[in-house]
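> This is the structure I have questions about; it appears just below.
The values are calculated or read from the model by the stated rules, or taken from the named source; none is laboratory data. From a predicted model like this one, the values you see are computed outputs, not experimental measurements. For neighbour counting, all protein chains shown are included, and Cβ atoms are generated from backbone atoms with ideal geometry for every residue, glycine included. Each accessible area value is taken on the protein alone, full model and side chains, heavy atoms only, with ligands, DNA and RNA left out. Shrake-Rupley method; radii C 1.70, N 1.55, O 1.52, S 1.80 Å.
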Amino acid sequence: MLIGIDVGGTTTDAVIVDGNKVVKTAYVPTDHDNLLKCLLGALDELVAGVDTAKVERVVLSTTLITNMIAEGKTDPVALVLIPGPGTNPKDYSLGESIILDGAIDFRGKEIDHLRENQIKEAATQIREKGFSRVAVVGKFCQRNHSHELKAGEILAASLPGAQIELGHKVSGQLNFPRRAATTMLTAATKDRYGQFAADMAAALKERKIKAPVYILKADGGTLPLDKSVGMPVETIFSGPAASIMGVLALTEPGQTSVVVDIGGTTTDLALILSGQPLLSSKGARVDSLLTHVRAFAVKSVAIGGDSAVAVNSSQGQARGLTVGPHREGPPMCMGGGCPTPTDALRVLGLSNIGDGAKAEAGMQILGKGLGCSAAEAAQKTVDAVVERMVSEI
């Protein structure tokens, strides 16, 4: 007997599979402020009347990391780079960074030493800007760790309590900008992901489920939950990977399919070509960042059922709608305070989710700004979402 749990931005879905049959399902709203309570609610619904001693394995998937990055809600990170000669970090789209002198060549040989005073100055800058997370990455330092280790040691001594990630510990692959991006994202998501893993472990323990727990990686493989805490970006497209594996299971062998996974916060797109899901050739692309994360080729678009919808009017231009990229909570029909595409679908009679009167009130807000009825505003919202989806596909 297996348990599968998908923790999405909007809902948490759970299932029990026995042999090749789905025997029970559960579906609860995801409570980001109290994830443990949410997980317990899903498990209570799922395992009622089930002998949990028979559970052999638990597999998780989640869009937690994907959504954090898509909405710009990751923790701020100070990026310290040791690029050496021949590179310009300003070309890497990594944002503001602190550059240190020093260099390791492609053989792992030191060709320019670090300046300790520079590292201490960097620590002062980081402290003044209030960063508590630091990513240190040197070119070719996966072949000789000495510069990253020394810089990390001095920064740790100068910044008590700071969390410092070193590039060679995150990825041992070549390609300096990808390793820098992967290290920065690891530092930016580690705390939140660690809390997710702890809540999941606590929920399973409280329900006396002792089976091994795995999380689906971005490439469709799995990783033990306890080991995934050190590398949260491996789960960056865990949710989309689950969708791809599901489509593979439901379609004929050799079929070509476009996978469109529309969630509350993001829509994730992938391609299965002649029965084979495409892999990113060098690693996952996360927004504008190229990483070393082995992943299916997925494009994550910051638009979904819970995306905030607002009237936008630039001077001299006609009023129009903006959908996303941020999410301000649940749809108005589910008790939220901001109009969403889900409210539009409710008003148009395309769904029966939540309170119709509240959805109508949301569309009236948009209609007032657009100079049209609530139904017309709902149609404009759906049209805007569909147009964006088709464009991205």
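> Once the mean 1/r over all distinct Cα pairs of the range 8-65 is inverted, what Kirkwood radius in angstroms do you read off?
Working: mean 1/r = 0.0817 Å⁻¹.
Taking every pair of different Cα atoms in the range 8-65, averaging 1/r and inverting gives 12.2 Å.
> Continuing with this model, one more query. Taking 0.36 nm per residue of sequence separation and subtracting the Cα-Cα distance, how much length would be gained by fully extending the chain between D51 and D226, in nm to one decimal? Provide the component values of the computation, followed by the final result.
Working: separation 175, 0.36 × 175 = 63.00 nm, distance 2.45 nm.
Between D51 and D226, full extension yields an extra 60.6 nm.
> While we're here: In whole percent, and with a 1.4 Å probe on the protein chains, what portion of the accessible area of the chain is carbon and sulfur? Present the calculation step by step, with values, prior to reporting the outcome.
On the way: 9610 of 18680 Å².
Answer for the chain: carbon and sulfur cover 51 percent of the accessible area.
> Accessible area per residue for the chain in Å², computed with a 1.4 Å probe and the full protein assembly in place, what is it?
Values: 18680 Å² over 393 residues.
Per-residue value: 48 Å².
> Here is a follow-up. Which of these, L39, L321, L271, has the largest mean-square fluctuation under a Gaussian network model of the chain (Cα springs below 10 Å)?
L321
> Cross-link list K217/K299; K54/K208; K24/K210; K169/K217; K24/K190; K21/K227: which exceed 21 angstrom alpha carbon to alpha carbon? Walk me through the numbers before you get to the answer.
On the way: K217/K299 16 Å; K54/K208 11 Å; K24/K210 19 Å; K169/K217 18 Å; K24/K190 33 Å; K21/K227 30 Å.
K24/K190; K21/K227, as the Cα separations exceed 21 Å there.
> For the chain, what proportion of DSSP beta bridges, expressed in % and rounded to the nearest 5, is antiparallel? Let's see the in-between values first.
On the way: 39 of 60 bridges.
Rounded to the nearest five, the antiparallel share is 65 percent.
> With each label point set 7 Å from Cα along the Cα-Cβ vector, what nm distance links I393 and S158?
Calculated label separation equals 5.3 nm.
> Return the FRET efficiency for the residue pair I262, S288: r is the Cβ-Cβ distance, R0 is 35 Å, and the value is rounded to the nearest 0.05. Working shown, then result.
Working: r = 22 Å, r/R0 = 0.64.
Working from the Cβ atoms, E equals 0.95.
> To the nearest Å, what is the center-to-center distance of the range 379-393 and the range 85-114, using C-alpha atoms only?
Each part's Cα centre sits 43 Å from the other's.
> Heavy atoms only, 1.4 Å probe, whole protein assembly: order S280, S228, S146 by accessible area, highest first. Don't jump to the answer; show the numbers that get you there.
Details: S280 30, S228 0, S146 50 Å².
Heavy-atom accessible area, descending, gives S146, S280, S228.
> I'd like the FRET efficiency for N352 and A202, computed as 1/(1 + (r/R0)^6) with the beta carbon distance as r and R0 of 35 Å, rounded to 0.05. Mind dumping the intermediate values first?
Values: r = 35 Å, r/R0 = 0.99.
It comes out at approximately 0.50.
> For H168, H147, H326, what's the largest-to-smallest order of accessible area, 1.4 Å probe?
Values: H168 30, H147 5, H326 75 Å².
Order by accessible area, largest first: H326, H168, H147.
> Something else about it: Take the Cβ-Cβ distance between V23 and K210 as r, set R0 to 25 Å, and report the resulting FRET efficiency rounded to the nearest 0.05. Show your work: numbers first, answer last.
Numbers: r = 20 Å, r/R0 = 0.79.
Once the sixth-power term is evaluated, E becomes 0.80.
> Kindly work out what percent of the DSSP beta bridges joining two residues of the range 51-209 are antiparallel, to the nearest 5.
Details: 2 of 13 bridges.
Counting DSSP beta bridges with both partners in the range 51-209, the antiparallel share is about 15 percent.
> Distance between the C-alpha centers of the range 156-178 and the range 179-251? Whole Å please.
21
> Are there GluC sites (Glu not before Pro) in the range 1-80 that DSSP marks as loop and that have at most 12 other Cβ atoms within 10 Å, and which are they?
Details: sites: E45, E56, E71; in loops: E56, E71.
Sites meeting the loop and neighbour criteria: E56.
> Place a +1 charge on the Cβ of each Lys and Arg in the chain and a -1 charge on the Cβ of each Asp and Glu, then give the dipole magnitude about the Cα centre in debye, rounded to the nearest 20.
On the way: 39 positive and 42 negative charges, 150 e Å.
Dipole magnitude for the chain comes out near 720 debye.
> Which one of A284, A357, A310 has the biggest mean-square fluctuation once the chain is modelled by GNM with Cα springs under 10 Å?
With Cα springs under 10 Å in the chain, the top fluctuation among A284, A357, A310 is at A357.
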